[in-house]
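**Q** Okay, here's the structure, questions in a sec.
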Amino acid sequence: MSTFFKNIKLHTVQGRPSYHRITDQVMSAIEESNIKNGICLVQTAHTTCSVYFDEYMHDTNYYGDDYLTVDINHVLDRIVPRQKTENFPYLSPGPKHIAYGMKKTDPDYPAEKWSMLNTDAHIRADLLGSNVTLGIKDGQLMNGSVGSIYFVDFDQTRERNRTVNIILVGDDK
């Protein structure tokens with residue numbers, strides 16, 4: 001039994017959800033790992049981001065987002081409105097969280113109150129989930145003929161550098 005870890009680094013955009021189809025990077029990690037049969041976990045530790053599994057639809061908009069991701073955004077816009085000001089339409093972030101955020105010194109988390117107006121991103125990420133687990137059989141990802149793995153950052157307040165973790169466990173080739 002072997003375990004293999006790999007990270008994918010992604011750059012996300014400001015002003016709209018940032019989708020990335022990462023299936024090819026996951027398949028490359030499986031090939032690199034030499035795992036023949038096992039489990040592939042793809043996850044994000046970022047709380048405004050999701051990893052999910054769906055069909056790739058080929059047609060894209062001007063931003064390069066495939067139509068299904070655009071449709072997901074339209075549905076989420078109706079059920080989880082964008083937060084544009086403090087305490088509306090959400091209570092979060094409250095004064096204690098703002099005080100916590102204002103003390104941070106990490107350049108990926110600027111000490112700016114407006115950067116914490118992303119409660120909608122947290123809720124959207126909660127709905128889609130933080131990970132996907134798929135099998136590996138004979139060195140191949142068991143994603144079917146049309147299945148793809150996607151990463152999305154719903155935080156629209158700023159550009160970010162994000163990390164997706166790939167963890168593979170199984171028998172060697």
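**Q** Sequence gap at least 6, Cα distance under 8 Å: using those rules, report the relative contact order of the chain to the nearest whole percent. Mind dumping the intermediate values first?
**A** Details: 340 pairs, mean separation 92.4, N = 173.
Reported relative contact order: 53 percent.
**Q** If you don't mind, another one. With each label point set 7 Å from Cα along the Cα-Cβ vector, what nm distance links Ser92 and Leu127?
**A** Distance between the two pseudo-spin positions: 1.4 nm.
**Q** Another one. Work out the length of the dipole vector of the chain about its Cα centre, built from +1 on the beta-carbon of each Lys and Arg and -1 on the beta-carbon of each Asp and Glu, and round it to the nearest 20 debye. Please report the intermediate quantities before stating the final value.
**A** Numbers: 18 positive and 22 negative charges, 131 e Å.
With Lys and Arg at +1 and Asp and Glu at -1, about 620 debye.
**Q** So what are the three principal axis dimensions of the range 77-128 from its Cα atoms, in whole Å, longest to shortest?
**A** Principal-axis extents of the Cα atoms in the range 77-128, largest first: 34, 21, 15 Å.
**Q** Compute the Cα gyration tensor for the range 16-106, then decide on rounded, prolate or oblate, letting a ≥ b ≥ c be the square roots of its eigenvalues: rounded whenever a/c is under 1.5, prolate when a/b is larger than b/c in the other cases, and oblate in all that remain. Present the calculation step by step, with values, prior to reporting the outcome.
**A** On the way: a/c = 2.89, a/b = 1.48, b/c = 1.96.
Cα axes put the range 16-106 in the oblate bin.
**Q** Residues of the range 15-51 with backbone nitrogen within less than 17 Å of a virtual label 7 Å along the Cα-to-Cβ line of Lys84, please, listed as ranges.
**A** Residues passing the 17 Å test: 15-17.
**Q** Another question, then. Working with all protein chains in place, sort Tyr52, Tyr62 by solvent-accessible area computed with a 1.4 Å probe, largest first.
**A** Tyr62, Tyr52
**Q** Moving on. Any idea how far the Cα center of the range 121-159 sits from the one of the range 63-94, in Å?
**A** 18 Å
**Q** Which of Gly139, Met116, Ile167 sits closest to the plus end of the dipole of the range 27-173, meaning its Cα is farthest towards the positive end, when Lys and Arg get +1 and Asp and Glu get -1 on the C-beta?
**A** Value computed over the given set: Met116.
**Q** Right, here's the next one. Can you tell me the equivalent ellipsoid semi-axes for the chain? Use √(5λ) from the Cα gyration tensor, largest first, whole Å.
**A** Working: eigenvalues 207, 74, 32 Å².
Listed largest to smallest, the semi-axes of the chain are 32, 19, 13 Å.
**Q** With a 1.4 Å probe and all protein chains left in place, how much of the accessible area of the chain comes from carbon and sulfur atoms, in whole percent?
**A** Details: 5140 of 9760 Å².
Carbon and sulfur atoms account for 53 percent of the accessible area of the chain.
**Q** Search the structure for amide H atoms under 5 Å from the amide H of Gly94, placed 1.01 Å from N in the peptide plane, and list their residues when 5 or more places away or on another chain.
**A** When sequence neighbours closer than 5 places are left aside, there are no close amide H contacts.
The values are calculated or read from the model by the stated rules, or taken from the named source; none is laboratory data. Predicted model only: the values in this text are computed from it and were never measured. All Cβ positions, even for glycine, are placed from backbone atoms using ideal geometry, and neighbour counts span all protein chains on display. Accessible surface is based on the protein model in full, side chains and every heavy atom, while ligands, DNA and RNA are left aside. Shrake-Rupley method; radii C 1.70, N 1.55, O 1.52, S 1.80 Å.
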